[in-house]
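Working notes for the structure below.
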Amino acid sequence: MDAAAGVNWRARLSPTSWLTTKTVFSQVFAVALFAIQAPVLGPKAFGLISLVMVFVGFCESVPCEAAADSLISVREAQEEHFATMTTAVVAFSLLFGLVIFVGADWLGRILGAAELGPILRWMAILPALTAISAAPTAATKRDMRFGPLALRSIVSLLVGGIVGLVLTLTGFGVWALVWQALVTRVVIAVVLWNTVPLKLRFGFSRPHFDDVLRYAAPTLVSRVMSWGGGQIPRLLLGLFWGPAPLGLFSLAGKLTEVLLELTVVPRYAVARVELRRFASDPVALADALRRTVTLMSVFCFPLCVGGAVVIPTLFHVWLDPRWYTGIIATQLLLLACMAQITHYCAGATLLACNFQKAEAVGSVIQTLTTVVATLVAAPFGITVAAAVIGGRPFATIAVPITLLQRKIGLSPRVILGGQLPALAAALTMGAGVWLLQRETAPLLGGVSELLLLVAAGAGLYVLMIVLLMPGFAAQFIRRSQPAV
């Protein structure tokens, strides 16, 4: 009976629920690790790792993710597709890692941080470890088997995090973060290949490579732009500021990443595949997109607005004074996440309808505007940089909306209208929490004040959702009830 109940429970979880479960664990676990590591290691260690990931992360974010995405897009994927793509991305990653290894000291001198050289040499193997996981990642996503993928990811994050925590507490400094990354990649590669029915094979077939490349080429452009939009600003800010201030900005970026990973990315990953079913039916596609946008907004907006309000209290409870300069920057970047829903949903829809080139055009525009914003704002310090960079997604929101309208014929009301009720609820909640914070700060302070603000914000937001979105609230309650 218990075993059957366990199977039924796992079967009832949707792909989005599995991805959300994995994401919640990974982000909560990452925040818990950071809560311990940040006071011990300080901003400089995280700034150094941020600079390293500018280079190492290119290969992880561009060819590896493009390979996985292209394998998902191939209509009739065969084992030769997976073997060919594995061979191609692993070969590229090894070559890329060799370049990083050889140029490590030179990069350290250019960036004014001699400590980068040894760190880069050790982490040059990361791209190859990620590349070898591209094929099983694509296979599980193609089959919508997000449960096994989520469970294996949790295991790898847990093992790597424990290693990093132990090394942090035993005085290894920044090297605790290095080994944490290495162990995580090794474990996830091993467990992923033991999850899928595929066998780890190397080989090259030109017809199969050309077949995958049809989808990979425009996706590569999109991934380059996505990487550039996230990492080039870090490189530029590191050149202007050095590792320690960059560590402060990286904290703001990390918290916004946690927010997006919890509320947007899981649904985006599922929508990227799920919306393919409606590609030939504009009416059904519009309905499915509206539901996706609404669901993302309901969970994302309160964390953006409420998080921005309670960040000062959180920082004083959580971190030491070395981090306080990053408070306003974190607030600004959290609020910027609200605009990202439109960008993510538009990208998922374009990819699902096989408009990879249009999605790539949007990504190019986003990256170029991010680089320009960073160059303009970096000389004026972290707060101005956060305001300008955080304002960019709002300033360019017309780009994805226009692409959806021109390529698929979707009205802007589909993607914007689905966000309005949740936005109104979140802003009302934020105003209430801000007023409460002004009254309670002189009386409570610390952990007590933080808990009160979070509880009050959650209660007020739920009330607003029930009032403004009764249909959504009723549906959510029904889906949350256990089957009889």
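The values are calculated or read from the model by the stated rules, or taken from the named source; none is laboratory data. It should be emphasised that the depicted structure is a prediction, and the values quoted were computed from it without experimental measurement. Positions of Cβ are generated from backbone atoms using ideal geometry, with glycine treated the same way; all protein chains shown enter the neighbour counts. Quick note on the areas: whole protein, heavy atoms, side chains included, nothing else; ligands and nucleic acids left out. Shrake-Rupley method; radii C 1.70, N 1.55, O 1.52, S 1.80 Å.
In segment 315-326, is there at least one residue being polar (S, T, N, Q), modelled with pLDDT under 90 and part of a helix (DSSP H, G or I)?
Filtering segment 315-326 for residues polar (S, T, N, Q) gives 325.
Okay, now just the ones that are also modelled with pLDDT under 90, so 325.
Those still in the list that are part of a helix (DSSP H, G or I) too: 325.
Checking segment 315-326: at least one residue is polar (S, T, N, Q), modelled with pLDDT under 90 and part of a helix (DSSP H, G or I).
Each residue in segment 89-126 was checked for being open to solvent by 30 Å² or more (accessible area, probe 1.4 Å), modelled with pLDDT under 85 and small (Gly, Ala, Ser), and 2 of them qualify.
Would you check if Cys337 is hydrophobic (A, V, I, L, M, F, W, C) and buried (at least 23 other Cβ atoms within 10 Å of the Cβ)?
Working: hydrophobic (A, V, I, L, M, F, W, C): yes; buried (at least 23 other Cβ atoms within 10 Å of the Cβ): yes.
Yes: the conditions hold for Cys337.
When the residues of segment 122-139 are filtered to those that are of a type in the set (Val, Ile, Thr) and part of a loop (DSSP other than H, G, I, E, B), the one that is nearest to Leu200 (Cα to Cα) is Ile132. Restricting attention to segment 288-321, the residues that are open to solvent by 20 Å² or more (accessible area, probe 1.4 Å), more than 26 Å from Ala431 (Cβ to Cβ) and within 25 Å of the chain's Cα centre (by Cα) add up to 2.
Taken together, the residues in segment 362-375 that are farther than 23 Å from Ala308 by Cβ and either open to solvent by 60 Å² or more (accessible area, probe 1.4 Å) or of a type in the set (A, V, I, L, M, F, W, C) (or both) amount to 6. One residue alone among Leu157, Leu107, Leu151 is of a type outside the set (Phe, Trp, Tyr) and touching a Leu at 6+ places or on another chain (Cβ under 8 Å), and that residue is Leu107. Between Leu332, Leu350, the distinction of being open to solvent by less than 10 Å² (accessible area, probe 1.4 Å) and either in a helix (DSSP H, G or I) or closer than 21 Å to Arg223 by Cα (or both) belongs to Leu350 only. The residues of segment 165-191 that are over 17 Å from Ile125 (Cβ atoms) and not in a loop (DSSP other than H, G, I, E, B), listed by number, are Leu165, Val166, Leu167, Thr168, Leu169, Ala176, Val191.
Each row is one residue, and each column tells you yes or no for (1) touching a Ser or Thr at 6+ places or on another chain (Cβ under 6 Å); (2) over 23 Å from Ala67 (Cβ atoms).
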site	(1), (2)
Val99	no, no
Ala114	no, yes
Ile132	no, no
Ile162	no, yes
Leu165	no, yes
Leu169	no, yes
Trp179	no, yes
Thr184	yes, no
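Keeping to segment 160-203, report how many residues are open to solvent by less than 60 Å² (accessible area, probe 1.4 Å) and of a type outside the set (Phe, Trp, Tyr). Within segment 160-203, residues that are open to solvent by less than 60 Å² (accessible area, probe 1.4 Å) and of a type outside the set (Phe, Trp, Tyr) number 27. So, Tyr344, is that one closer than 19 Å to Ser297 by Cα, among the aromatic types (Phe, Trp, Tyr) and in a helix (DSSP H, G or I) or not? Taking the combined requirement at face value, the residue satisfies it. Condition check: open to solvent by less than 30 Å² (accessible area, probe 1.4 Å), farther than 28 Å from His343 by Cα and either touching a strand residue (DSSP E or B) at 6+ places or on another chain (Cβ under 6 Å) or modelled with pLDDT of 70 or more (or both). Does Pro207 satisfy that? The answer is no for Pro207.
The set of residues in segment 233-242 being open to solvent by less than 20 Å² (accessible area, probe 1.4 Å) and either in contact with a Pro (Cβ under 6 Å, 6 or more places away or on another chain) or on the phi < 0 side of the Ramachandran plot (or both) consists of Pro233, Leu237, Gly238.
Criterion first (more than 29 Å from Leu460 (Cβ to Cβ) and in a helix (DSSP H, G or I)) does Ala284 satisfy it?
It is true that Ala284 is more than 29 Å from Leu460 (Cβ to Cβ) and in a helix (DSSP H, G or I).
Would you mind telling me which numbered condition in (1) under 23 Å from the mean Cα position of the chain (by Cα); (2) within 30 Å of Val310 (Cβ to Cβ); (3) of a type outside the set (Asp, Glu) Thr440 fails? Unmet condition: (1).
Just for helices (runs of 4 or more DSSP H) wholly inside segment 376-484: which have at least 2 residues that are surrounded by 13 or more Cβ atoms within 10 Å (Cβ to Cβ) and without any contact (Cβ under 8 Å) to a residue 40 or more places away in the chain?
Values: elements: 382-395, 398-407, 412-417, 420-440, 446-468, 470-480.
Fully inside segment 376-484 and qualifying: 382-395, 398-407, 420-440, 446-468, 470-480.
Restricting the first member to segment 10-36 and to residues that are surrounded by 20 or more Cβ atoms within 10 Å (Cβ to Cβ), and the second to residues that are assigned to a loop (DSSP other than H, G, I, E, B) and at pLDDT below 80, the beta-carbon pairs closer than 6 Å and six or more apart or on different chains are Pro15/Met144.
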